[in-house]
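The values are calculated or read from the model by the stated rules, or taken from the named source; none is laboratory data. All values derive from a computational prediction rather than experimental measurement. Here the Cβ is made from the backbone with ideal geometry for all residues, glycine too, and neighbour counts use every protein chain on show. Side chains are part of the model used for accessible areas, which takes the heavy atoms of the whole protein and leaves out ligands, DNA and RNA. Shrake-Rupley method; radii C 1.70, N 1.55, O 1.52, S 1.80 Å.
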Amino acid sequence: LGSGPRDLDAVAAYSGTGTVKERAAAALRAHGFQQAYVVQYANQTTGQGLTVVVSRFATGPGATADFSDDERGTSGQSIPSEKLGEVSSVTKQVIPGSVQSELVLVRFLRGTDTWVIAYQAAPTADPAVAVQLAKGLLARTG
């Protein structure tokens, strides 16, 4: 139910609400945001979740600026990985709750598109799962 196209306002809301959202929207506009698409999957039996967000910008430098901004806001443990696209990162963090889980974020840039793959699983999330998905996406969209 969470999959589909997203406009600038929806993407900015991923950063937060109020002033935080307004700053995110201003940055997206400055970077030349054009459109985004979100795909979400959930396995209700295992609790695994996967979200993929691809955002398109008017120019390569705009996409690079957006990627750099996202990287500055990244938290969690950096996971060594092969380079995906033009530049990439993989991080992992613990998500507290009634059932502890982990979240792996794979971010990469190619051309005018930035990608975020968020893979969550309990009790642990294997970064190789998200990296393999990123490699598949790069191959299919190349």
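For ALA125, work out the one condition from (1) surrounded by 14 or more Cβ atoms within 10 Å (Cβ to Cβ); (2) part of a strand (DSSP E or B) it doesn't fulfil.
(2)
For the stretch 70-105, which residues satisfy the criterion of being of a type in the set (A, V, I, L, M) and surrounded by 10 or more Cβ atoms within 10 Å (Cβ to Cβ)? Steps first, answer last, please.
Taking the stretch 70-105 first, the residues of a type in the set (A, V, I, L, M) are 79, 84, 87, 90, 94-95, 99, 103-105.
Across the stretch 70-105, the qualifying residues are ILE79, LEU84, VAL87, VAL90, VAL94, ILE95, LEU103, VAL104, LEU105.
In the stretch 98-121, how many residues are modelled with pLDDT under 95 and over 16 Å from GLY76 (Cβ atoms)?
Here the count works out to 2.
What about TYR14, is it among the aromatic types (Phe, Trp, Tyr), in contact with a helix residue (DSSP H, G or I) (Cβ under 8 Å, 6 or more places away or on another chain), free of Cβ contacts under 8 Å to residues at least 60 places away in the same chain and open to solvent by 30 Å² or more (accessible area, probe 1.4 Å)?
Yes: the conditions hold for TYR14.
From (1) aromatic (Phe, Trp, Tyr); (2) open to solvent by less than 60 Å² (accessible area, probe 1.4 Å); (3) farther than 18 Å from ARG110 by Cβ, pick out the condition that doesn't hold for PHE67.
Here PHE67 clears every test but (3).
Give the stretch 22-56 a look and list any residue that's without any contact (Cβ under 8 Å) to a residue 40 or more places away in the chain, among the hydrophobic types (A, V, I, L, M, F, W, C) and part of a helix (DSSP H, G or I), or say none.
ALA24, ALA25, ALA26, LEU28, ALA30
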